[in-house]
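Down below is the structure, laid out as C-alpha cells.
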Amino acid sequence: MTTSIKTNAASRPASPLLLAFTLFLVAINLRPALSGVAPLLAAIRATTGLSATGAGSLTTLPVLCFGAIAPLGPLLARRYSAERTILFGLLVLAVSVVLRVFFGLPGLFAGTFLAGASIGVVMVLLPSIIKRDFSESAGIMTGLYTMGLCLGAAVAAGVAVPIQRLAGGDWRASLAFWALPALLGAVAWGVFGVHGNATPVQKRYRVTGLRASRIAWHVALFMGLQSMLAYCVFGWLPTILIDRGFTPLAAGAALSASIAAQLVTALGGPSLASRGKDQRLVVMVMILLTAAGLMGCMYAPVSQIWFWAVVLGLGQGGSFSVGMMLVVLRSPNSQIVASLSGMTQLVGYLLAAVGPFVAGVMRDATGNWNLAAGFFMVTAVAALLMGIGAGQRLYVQAKVEEVATS
C-alpha cells in the first residue's frame, strides 16, 4: 500500500482557528444525507412502493460507498491535492442531494450513490489534514471532527419530518434541503481550507505487512462492527419506534435525541482513550452502553424509550470516537496512520453496509424485529471481542519504505 504525504509551509493556513471551524462545518455535512432519510422511510415507501428490503438497500448504499470509494480519495489527492479534492467532494455532495428528488426511484438511488461516494472521499482525507495541521492537538481535533459528524446527524434526524410538514408533506423537499449546508460548507472550505498555489513537495511511502497484522484487523473489524450497529440505528430505529406506536415526528425526534447524546462521548472519547494503560475498559463500557440502549429502545416500556435512546447515543458516540483514536494509538508513525485509516474505512464500512440490509431482510421475513434484535446482539458481542483486541497497548507491525517518485 502506497501513501502520499504533501507538505509545504507556504501552503499552510494563516489561522488554525479558522481551519478548525471549517473542518467542523465540513464534518456537519457528512451525515445528514444518511440520517435525514430514516425518519422519512415510511413516507418514501408509501409513495414509491419500496419494500422493507428496498428501503434497507437505500440506507445501505451510502455506507457501501464509504468503503468502496475510500481508495479513490488518496489517488485524487495526489493529483489535485487533498484540499481541492475535498472541495470537489462537497460540491458533488450538494448536487447529489438535489438529484435524489428527481427521476423517481432511479434518481433517488443514483443521488444516494453519489452522496455516499463524495462523503467517502472527504472522510478518508480529513484525518490527514488533522494529522498535518494539528499534530499537537490531534485528540481535540478528532473529538471536534467526530462531534461535527454527530451534530449533523442529530439535526438532520430531528428536522426531517418538520421540514416535510412545512413542505406540505413532500419528503423530497426535506431531502433536498441538505444541499444548502453542503454548499455553505463548500464555500467555507474554498475560502479557508484551500490555500496556497505552489506545487507541493511530495514524498511517497510504501507500507507493507499491514494486512498480516492481527492488531490492524482488530482495529478495522472493531470499527466495522460498531459502525454496523450505528447504521442499523440510523436506518431502522425510527421504523422500529413507529412499529411500537410512535408517530413519525416522535420517532425522528427520538433518533435525533440519541444522536445528540453522542456529542458528549464523541468529544470526550478521544481523551478517555488516550488515558490509562490501554483502551480495553473504555471499549467495553461503550459497547455495553450501546447494546443496552438498543435493546431498551426495542423492548423496554414505551415510557422509558427516551432514556434508553440517550444511553444508546452515549455508547455509540464513544464507540466511534474511541475507534478513530485507536487508529492513531496503534500506529507507530504517520505513514502507518494513513494506511491503517484507509484499511479501516475500506474494511469497516464495507462490513457496516451489510447491517441495515440484513435487518431489513429479517424484518420482511418474520414480520417483527425479534430476529433482527438477535442479529444486533451478536454484532455487539463480536464488536466487544474485536475492541478488546484493538484496545491492547500494542503497535501495528508493518514496514515503511520511501519510494522514488517520477
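The values are calculated or read from the model by the stated rules, or taken from the named source; none is laboratory data. Remember, it's a predicted structure, so these values are computed and weren't measured experimentally. Glycine also receives a Cβ, built like all others from the backbone with ideal geometry; neighbour counts cover every protein chain displayed.
Assorted remarks:
- Between M343, M377, M325, the distinction of being surrounded by fewer than 18 Cβ atoms within 10 Å (Cβ to Cβ), touching a helix residue (DSSP H, G or I) at 6+ places or on another chain (Cβ under 7 Å) and in contact (Cβ under 8 Å) with a residue 24 or more places away in the chain belongs to M377 only.
- Filter result for A33 (buried (at least 23 other Cβ atoms within 10 Å of the Cβ), closer than 24 Å to V155 by Cα and among the small types (G, A, S)): yes
- Answer from A138, A188, A173, A220 - the residue that is modelled with pLDDT under 85 and either surrounded by fewer than 20 Cβ atoms within 10 Å (Cβ to Cβ) or more than 24 Å from F102 (Cα to Cα) (or both): A138
- Residue within the range 116-130 that is modelled with pLDDT of 80 or more and not in a helix (DSSP H, G or I) present: no
- In the set A398, A353, only one residue is at pLDDT below 95 and either in contact with a Pro (Cβ under 6 Å, 6 or more places away or on another chain) or crowded, with 23+ Cβ neighbours inside 10 Å (or both); that residue is A353.
- Test: residue in the range 282-297 that is out of contact with any Leu (no Cβ under 8 Å at 6 or more places or on another chain) and under 30 Å from Q164 (Cβ atoms): yes
- Boolean, F246 is more than 20 Å from the chain's Cα centre (by Cα), hydrophobic (A, V, I, L, M, F, W, C) and either surrounded by 17 or more Cβ atoms within 10 Å (Cβ to Cβ) or not in a helix (DSSP H, G or I) (or both): yes
- Checked against (1) surrounded by 24 or more Cβ atoms within 10 Å (Cβ to Cβ); (2) free of Cβ contacts under 8 Å to residues at least 60 places away in the same chain; (3) not hydrophobic (A, V, I, L, M, F, W, C), S319 passes all but a single condition, namely (2).
- Among (1) buried (at least 24 other Cβ atoms within 10 Å of the Cβ); (2) modelled with pLDDT of 80 or more; (3) hydroxyl-bearing (S, T, Y) - the single one T59 does not satisfy: (2)
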